[in-house]
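Only one structure is covered here, and it is reproduced in the block below.
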Amino acid sequence: MFYRQPEVLDVLNLLISLLNPLDRLATAAVLRGPLVCLSDPEIHNLVQEVSINQLFHAEDDLPEFLPIEAQGQIQHLRYLAQERSNRTLSDWLQQIRSFVPLAVYSDPLDREGRPLVRINHVFETFKQTAEIGMISPLVWLLKQRKRAAEVGRWEVDSGEDVTMADEGVDAVRVMTIHKAKGLEGDFVIVYGWTSVLEELAGDRRGGRSREVISLTTEDGRRLNDFVLDWGQLKICSTHYDQALELDRTGQQEEAARLAYVATTRARDRMMLVCPIKKQRRFSEEISALIDQAKTTLSDSRRPDPEARLCDETIRFLLRTGSRPKVVRPILPEFKGDINRYKSFWKQRYDHLQSKDITLLRAPSGGEHEGEEEIREDEHYYHQVGSDVRRLAGSLVHAYLERHLLDESLQVAKLDKMLAEHTEMDANPDIFRRAEKTLSGFYEGNWVDSSGISYRERLEKAKVLARELPVYLSYEDQLWNGVVDLVLEEGETIRAIDYKTVAKKDPLSEPYVRQQRVYTEALRRVFPQREIDFEFWWLSRS
């Protein structure tokens, strides 16, 4: 039923007509619908003067018998068709959305605004499909339009376009509390109220910490903190405890908001269902552990130094009636002596603290000191200096990260990316340098040692990965970096790293290290393939 709604068909035909001038059905539907509002005789007379295939994709003069309003709408459609190649997909779709007369599809009796929701859904789904690139956007549009004509869809998907608030349907509506926001019902049943109360009290999340926490404080500060298991140690970022406490507080506040939503949905009557949780019973498990421990202790032929610890664990279970939350592994040589065990690990920890050890190193770390290009960590976290050349290199990397496979440099896209970085926008030299570098790439000016342009090689090769993250244990060190590009050229898998500096010959040690680490990473991913690494130098000076 969704695809039979008039507003859905109108938007589908509008997009099809702007992308495909040969689709007469879509063009005629746009002319006849509320977008242009021509009558059938007017459409007939129009196509006698102007070919329908060129109506939205040409500059031919429109006949004078057309109403002024219709001429203006057709001229606007021509503009939209031309703008597809000049704007990003998001900007282009926003222009089309503004062109659609939403008031025509609004129903004052429809409190949910379902036609507008359907229109937005078509635009958003089309945008996602086009960005993923698994299927041609035009093919996707044609498939959606075809669905409206499929035989039997009324019977097969009778509830496809029925919303939760549509009480004209005799049915019990089941939804989450989040989905129920803004809706009401005569009789509402809230199942699982116990879990809501637990979240209000902080019982469900209070004892469980998250590995990574990312949130914004009330004063606008951004906290990105983590805790990681490293063998017997836990590595915590500086403000992890603060972030964890803020996260728990936020969860409780969200639980309070959900409780309010849940308890204000009923007009006449509400039932809160609190299922009694089945109590966990460990008696049988504990008995089995006791029997196992007795057998181990009485077996003189197999003295087990951990048996005493096992017995202590069982006694703990019997005494508390629950499992211990943390069971620390005890090495056999300590024979249950917890003080010796603590002393052993304290010495190791103190030794680790006394050494200046970087747990994760960047393969390219240190390679750009005193040079023109941005370092990898600066590029990805935007912790950049004021040097114009460094900032231009950062902008080049960011552009190729998003638009490497475009046919040519899109200045509008580059300008938009520059505007996203306020630290760059103030200096026009940054834009000019980045534009020059990228123009050279897309025009084939930057070449390899054999004189073949990087652009030509990219078009002939198969792209296996872009911005490939690398985590690698190699040469007694842990490495973390990003490979800009991975290509399959013939029988060779080749890692590519962009450099916005002039070619270095010979390579310095940081460059050699980067080449060595990334090559080893790809060897492990493709153990049976020939692996190579190459820098793409995007500058002559």
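Every number here is computed from the coordinates shown, using simple stated rules; none is lab data. As the structure is a prediction and not an experimental result, all values here were calculated from the model. Every residue, glycine as well, gets a Cβ built from its backbone with ideal geometry; the counts of neighbours run over all protein chains shown.
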Using amide H atoms built in the peptide plane, which far-off residues or other-chain residues are under 5 Å from W479 H to H?
R361, L472, S473, Y474
Counting other Cβ atoms within 10 Å, which GluC sites (Glu not before Pro) in segment 465-531 have at most 15 and lie in a DSSP loop?
E475, E491
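Using the Kirkwood radius over C-alpha pairs as Rh, can you work out the diffusion coefficient of segment 185-273 via Stokes-Einstein at 10 °C, viscosity 1.306 mPa s, in µm² per second?
Details: Rh = 15.2 Å.
Value of D from the Cα-based Kirkwood radius: 104 µm²/s.
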Whole-Hz Karplus ³J(HN,Hα) for segment 17-23, in order, using 6.51 cos²θ - 1.76 cosθ + 1.60 and θ = phi - 60°, x for Gly and Pro?
5, 6, 9, 10, x, 8, 8
Hey, how many Å between the Cα centroid of segment 510-541 and the Cα centroid of segment 70-98?
44
Among the chymotrypsin sites (Phe, Trp or Tyr not before Pro) within segment 45-150, which fall in a DSSP loop and have no more than 16 other Cβ atoms within 10 Å of their own Cβ?
F65
Would you grab the residues whose amide H sits under 5 Å from the one on V447? Only those 5+ places off in sequence or on another chain, please, with H modelled 1.01 Å from N.
Y454
Answer with one residue from T264, L215, G250: the one whose Cα lies farthest towards the positive end of the charge dipole of segment 185-273, charges on Cβ with Lys, Arg +1 and Asp, Glu -1.
T264
Table column - 3J(HN,Hα) (Hz), segment 440-457, Karplus curve with 6.51, -1.76, 1.60, x for Gly and Pro
x, 5, 5, 8, x, 7, 8, 10, 8, 5, 8, x, 8, 6, 4, 4, 5, 5
With 0.36 nm assigned to each residue of separation and the Cα-Cα distance removed, T194 to L404 gains 70.4 nm
Would you work out the charge dipole size for segment 2-156 about its Cα centre, treating the Cβ of every Lys and Arg as +1 and the Cβ of every Asp and Glu as -1, and quote it to the nearest 20 debye?
700
quick note, segment 185-273, DSSP beta bridge pairs, % antiparallel (nearest 5) is 60
Using the Cα centre as the reference, give the magnitude of the dipole from point charges on the C-beta atoms of segment 185-273 (Lys, Arg: +1; Asp, Glu: -1; all else neutral), rounded to the nearest 20 debye.
220
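Please find the FRET efficiency linking Q94 to K342, where r is the Cβ-Cβ separation and R0 is fixed at 51 Å, and quote it to the nearest 0.05. Spell out each step's value before the answer.
Values: r = 62 Å, r/R0 = 1.22.
After rounding to 0.05, the efficiency reads 0.25.
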For segment 175-182, what does the Karplus curve 6.51 cos²θ - 1.76 cosθ + 1.60, with θ = phi - 60°, yield as ³J(HN,Hα) per residue in whole Hz, taken in order and with x for Gly and Pro?
7, 6, 4, 4, 5, 7, 4, x
The answer for Y498, listing residues at least 5 apart or on another chain whose modeled amide H is closer than 5 Å to its amide H, is D484, W536
